[in-house]
Amino acid sequence: MQGAPDDIVVFNHGAKRSLRFWAIMVSLMITGLMSSIEGTIITSALPTITRALGGGNLYIWVPNAFFLSFIATLPLFAQVSDIFGRRWPFIIAVALFVLGSGICGGSVNMGMLIAGRTVQGVGGGGIQLLTETIITDLVPLRERGLYIALTMVAATVGAALGPFVGGLIADLTTWRWVFCLNLPIGGVAFVLLFVFLRVKSLRDDTWKQRLLSIDLIGNCIFIAAVIAVLIALTWGGTVYAWNTYHIIVPLVLGFLGFGLFLAYEWTICKKPSFPLQVLSNRTSAAAFMLTLIHSLCTYWAFYFLPLYFQAIKGLSSFNSGIDTLPIFAGIIPFAMIGGGILSKWGHYKPVHLVGWAIITISYGLFSLMDQNSSTAAWVCFQLLLAAGSGLLAGILLPAMQAPLDESLMALTIGIWAFARGFGSVWGVAIPSAVFNNECRLHADDTIKDPQLAQYLSGGHAYEYATQAFLDSIESPTSREQVVQVFSQSLRIVWLIGVAFGGVGFLITFLEKEVQLRDKLETKYGLEEKKNEETKT
């Protein structure tokens with residue numbers, strides 16, 4: 001391109017990609033596979049690990065320590081990647097993930113395991129954020145949905161396979177391989193990234209100037225706020241009741257912390273990790289909220305469809321995993337379709353409207369499912385939700401980036417990734433609270449056995465929504481009453497999901513259809529000859 005500065009790399013829409021570009025994509029997919037497997041593999045192996053290491057109620061921090069550190073460090077990784085470039089922060093993130101896996105695999109007590117999961121989470125957050133950041137650096141805005149969908153293929157496969165792999169490892173060999181499995185995969189990813197991920201970075205400042213430009217105060221406030229909120233969500237309904245001060249105080253402090261963080265970032269901080277410009281226009285702000293609600297609705301189904309099969313259909317956890325494959329497998333092709341539509345036509349708002357309409361309808365159909373629902377019904381309903389969720393998965397980020405300058409892309413991805421991670425946490429906490437509360441309301445009126453009614457009315461109904469609990473009930477009548485309570489409660493869970501889907505549909509109207517850029521001018525492109533990257 002004529003007139004572009006020497007330090008700018010230009011990419012055109014439809015440009016021919018180099019071999020190294022595809023090597024980087026493969027590296028990103030392998031790394032994403034490793035990170036996503038670890039996010040779900042723990043679910044089926046956790047009982048075995050808890051029996052081996054003990055620790056009492058500390059077991060709930062094994063999955064949550066990962067997600068806490070994952071979410072809390074996203075803005076920091078985004079800013080560091082802008083200051084120091086993408087290559088070394090990404091390699092360090094992979095190294096931290098592998099290190100955390102090694103600590104977990106060698107754990108001798110629950111405290112050591114939780115520490116390892118925390119290190120894993122820091123690395124996992126960096127991996128996810130920098131994967132999308134690097135794609136942003138390498139392809140124009142119009143094509144990003146398609147390439148993000150490509151990396152999502154590996155991530156979705158990993159998330160779907162995680163529970164099966166974890167269960168098999170726990171049954172066939174030592175639970176330590178749940179974590180040690182990451183060592184060879186991470187080693188391959190590390191080598192590929194070290195060899196092929198050679199991208200440009202800004203070298204105008206000295207190391208001291210770069211370190212001083214990191215927003216340490218803002219990130220400390222943000223991390224503290226995330227910790228407070230996630231403590232409340234972790235303890236709520238499991239260790240303490242939702243209406244106790246143990247939950248209310250950290251929740252209030254957490255949201256006050258978010259307010260303080262934004263006030264500091266938007267007024268005092270000279271180089272903020274959460275700049276006001278990112279959300280100062282209605283399209284980016286709307287896309288931010290849509291990302292949070294999309295993640296909430298997706299994880300809502302991920303966690304409560306298995307509950308339907310186990311608590312109402314009476315299936316084992318393994319068989320419920322098989323029966324939820326339609327939603328996991330269905331998201332992949334529809335994410336590709338959404339990215340392809342965006343790349344071809346360059347319009348995201350119509351796809352957003354269609355996606356949210358489908359999500360809202362699918363939740364309404366879920367509310368009709370009961371013990372007698374046919375296989376065809378629940379398969380089709382899952383595929384419908386997969387279509388809506390998949391269409392949106394890869395094209396919410398481009399919509400958020402569309403009105404913004406390219407210099408804000410990495411920070412935007414950090415904010416967008418936070419919305420996605422924070423939404424996933426609420427996508428588990430909200431329906432769990434609703435389900436437990438509904439079971440409490442219906443148990444005493446429906447279940448005649450007072451002991452069974454007590455199990456489901458004490459705020460721990462979610463823990464009893466399993467095949468094992470149903471099989472332990474000797475009376476067929478009592479079992480039918482318990483299933484009825486589960487079914488009534490789950491119906492309300494799905495109907496509230498309809499409300500969230502409807503809110504997403506309405507927020508979409510706030511977006512403006514901004515023309516997506518066909519050309520990318522970036523200072524973080526591949527380190528190779530300019531003419532190799534401008535071929536069309």
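Please give, to one decimal in nm, the separation of the simple spin-label points placed at L368 and L256, each 7 Å out from Cα toward the Cβ.
For the pair L368/L256, the computed spacing is 4.8 nm.
For the Cα atoms of the chain, what angle does the longest principal axis make with the long axis of helix 110-138, in degrees from 0 to 90, nearest 10?
40
At a temperature of 4 °C and a viscosity of 1.567 mPa s, determine how fast the chain diffuses translationally according to Stokes-Einstein, using the Kirkwood radius over alpha-carbon pairs as Rh; express D in µm²/s, rounded to the nearest whole number.
Result for D is 54 µm²/s.
For the range 438-485, rounded, prolate or oblate, judged on the Cα gyration tensor with a ≥ b ≥ c (square roots of eigenvalues), a/c < 1.5 rounded, else prolate if a/b > b/c?
Oblate, since a/c reaches 1.5 and b/c is not below a/b.
For the range 216-270, would you read off the P(r) tail past 20 Å as a percentage of all alpha carbon pairs?
29
Given labels modelled 7 Å from the Cα in the Cβ direction, how far is it in nm from D445 to V108?
Going from the D445 label point to the V108 one covers 5.6 nm.
Given all pairs of different Cα atoms, what value in angstroms does the Kirkwood hydrodynamic radius of the range 86-146 take?
So the Kirkwood estimate lands at 12.5 Å.
Report the extension gain between L353 and Q484 in nm, rounded to one decimal, defined as 0.36 nm multiplied by the number of residues separating them, less their alpha carbon distance.
Extending this stretch completely gives an extra 43.6 nm.
Calculate the translational D of the range 261-309 in whole µm² s⁻¹ from Stokes-Einstein, where the hydrodynamic radius comes from the Kirkwood formula applied to all Cα pairs, the temperature is 20 °C and the viscosity 1.002 mPa s.
In µm²/s, the coefficient is 164.
Based on DSSP H runs of at least 4 residues, each adding -39500 (n - 2.57), what is the mean residue ellipticity at 222 nm of the chain after dividing by all its residues, to the nearest 500 deg cm²/dmol?
Result for the chain, helices only: -24000 deg cm²/dmol.
Projecting each Cα onto the charge dipole of the chain (Lys/Arg +1, Asp/Glu -1 at the beta carbon, about the Cα centre), which of G126, Q451, V434 comes out farthest on the positive side?
Of G126, Q451, V434, it is G126.
On a 0 to 90° scale, report how tilted helix 61-72 is relative to the longest principal axis of the chain, with both axes built from alpha carbons and the result rounded to the nearest 10.
Result, in degrees: 30.
Over the Cα atoms, compute the radius of gyration (one decimal) and Dmax (the largest Cα-Cα distance, rounded to a whole number) for the range 233-377, in Å.
20.4, 60
Among M409, G423, W242, which residue has its Cα positioned farthest towards the positive end of the charge dipole of the chain, with +1 placed on the Cβ of Lys and Arg, -1 on the Cβ of Asp and Glu, and the dipole taken about the Cα centre?
Value computed over the given set: M409.
If I fit a long axis through the Cα atoms of helix 74-84 and take the longest principal axis of the Cα atoms of the chain, what angle between them do I get, 0 to 90°, rounded to 10?
Here the helix axis deviates by roughly 20 degrees.
Ordered by packing density, taken as the mean number of other Cβ atoms within 10 Å over each peptide's residues, highest first, how do 269-277, 286-294 rank?
Result, highest mean first: 286-294, 269-277.
Separation between the V503 and S407 pseudo-spin-labels, each 7 Å from Cα along Cα→Cβ, expressed in nm?
It is 3.5 nm.
Placing +1 at every Lys and Arg Cβ and -1 at every Asp and Glu Cβ, with all other atoms neutral, what dipole size does the chain have around its Cα centre, in debye to the nearest 20?
1100
Readers should treat all values here as calculations from the given coordinates under stated rules, not as data from a laboratory. Everything numeric here is computed off the predicted structure, so don't read it as measured data. No Cβ is skipped: glycine too gets one built from the backbone with ideal geometry, and neighbour counts run over all protein chains shown.
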